[in-house]
Amino acid sequence: MPVWQALRDELHPSGFELVTVGLDALGADGCRHFMEAAAPTHPALLDQYHVLARTLGVINIPSSVWIDEQGMIVRPAEAAPAPPTPAAEKTTPERQLPADMPQRFIEMTGEAMKITSQSEAYHAALKDWVTKGADSEFALSPEEVIDRSRPRSADVAMGHAHFELATALELDGNHDAAIEHFRQAHKLVPDSWTFRRQAWSLEPGATGPFARFWQGPSEDDPAAWPYEGDWLADVKKIGAENYSEPWRP
């Protein structure tokens, strides 16, 4: 959150506004805690049913949608890496890892570091658009926006319906019933990491400060894991370099 606040502070004088949206069924028990701790001055919303994903085609985070002053989308949902980290603030991976970090998290961190990012190119394009508006080469025409948007087949629509039903069941305390609908959502919308991570984060794979981010079978009872994949296994399967879609100018 602090990096996005810094970006907003930098560009707001030029007429830019940032709206962040947390996709998290847990609500107050999930990312809302982090949102409130960050105390952003820009609008920060919570989307428990992933309506943003359904409406705008978000399949992974962080993603962005550029909307102009007339409310027109000029770039559809796409990967939005965090702003580049100044060299003076970068630290070695060894310094970032807590001494008590479980082996699974050490492996997850290693895979995460392999995820490719086009941060410099993306943020240069964003600043160009903020400065030039419709004259920016990175502002797409309506036809280009439609061409780059994800079509919504009957299967995808049904997958979103399963996900929303699973979320409703989860919020109502029916966790076991929610699992099957999460599984159907994963099957019907296989490119959605947001759907997978949401379901995985609801499973008690670990205890303590790492529980929310475990997202995989527990070391004590791996057979109890109800999903076909998990974050570490799936990222290794596809290759971390393919985790985020490449950004296109």
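State all residues of the stretch 198-214 that are surrounded by 12 or more Cβ atoms within 10 Å (Cβ to Cβ) and free of Cβ contacts under 8 Å to residues at least 60 places away in the same chain; if no residue qualifies, say none.
199, 200, 203, 205, 211
Looking only at residues of the stretch 54-70 that are more than 8 Å from the chain's Cα centre (by Cα), hydrophobic (A, V, I, L, M, F, W, C) and surrounded by fewer than 18 Cβ atoms within 10 Å (Cβ to Cβ), we find that the one that is farthest from residue 132 (Cα to Cα) is 56. In the stretch 162-183, the count of residues that are touching a strand residue (DSSP E or B) at 6+ places or on another chain (Cβ under 6 Å) and either surrounded by 14 or more Cβ atoms within 10 Å (Cβ to Cβ) or assigned to a loop (DSSP other than H, G, I, E, B) (or both) is zero.
Whenever a residue of the stretch 1-30 is farther than 30 Å from residue 175 by Cβ, its partners that are assigned to a helix (DSSP H, G or I), lying with C-beta atoms within less than 6 angstrom and at least six residues away or across chains, give the pairs 11/130; 14/130; 16/130; 18/8.
Screening the stretch 97-123 for residues that are assigned to a helix (DSSP H, G or I) and among the hydroxyl-bearing types (Ser, Thr, Tyr) and picking the one that is surrounded by the most Cβ atoms within 10 Å (Cβ to Cβ) gives 122. Candidates are the residues of the stretch 71-93 that are surrounded by fewer than 18 Cβ atoms within 10 Å (Cβ to Cβ) and at pLDDT 95 or above; the one that is farthest from residue 149 (Cα to Cα) is 71. Per the conditions (1) of a type outside the set (Ser, Thr, Tyr); (2) in the same structural domain as residue 75 (by TED's automatic domain parsing); (3) in contact (Cβ under 8 Å) with a residue 24 or more places away in the chain, the sole criterion not satisfied by residue 168 is (2).
Taking the conditions (1) in a loop (DSSP other than H, G, I, E, B); (2) farther than 25 Å from residue 121 by Cβ in turn, residue 17 satisfies each one other than (2).
Of all positions in the stretch 135-146, none carries a residue that is more than 26 Å from residue 66 (Cα to Cα) and modelled with pLDDT of 95 or more. For the structure I just gave you, tell me whether residue 240 is under 14 Å from residue 108 (Cβ atoms), surrounded by 14 or more Cβ atoms within 10 Å (Cβ to Cβ), at pLDDT below 95 and of a type outside the set (Asp, Glu). Considered against the rule, which asks whether it is under 14 Å from residue 108 (Cβ atoms), surrounded by 14 or more Cβ atoms within 10 Å (Cβ to Cβ), at pLDDT below 95 and of a type outside the set (Asp, Glu), residue 240 comes out as no. Candidates in the stretch 35-53 are the residues that are more than 25 Å from residue 152 (Cα to Cα) and of a type in the set (A, V, I, L, M); of these, the one that is surrounded by the most Cβ atoms within 10 Å (Cβ to Cβ) is 44. Evaluated against (1) within 17 Å of the chain's Cα centre (by Cα); (2) among the aromatic types (Phe, Trp, Tyr); (3) in a loop (DSSP other than H, G, I, E, B); (4) at pLDDT 95 or above, residue 227 falls short on exactly one condition, (1).
The values are calculated or read from the model by the stated rules, or taken from the named source; none is laboratory data. Please read these numbers as outputs of a predicted model, since none were measured by experiment. Heads up, the Cβs are rebuilt from the backbone with ideal geometry, glycines too, and the neighbour counts pull from every protein chain shown.
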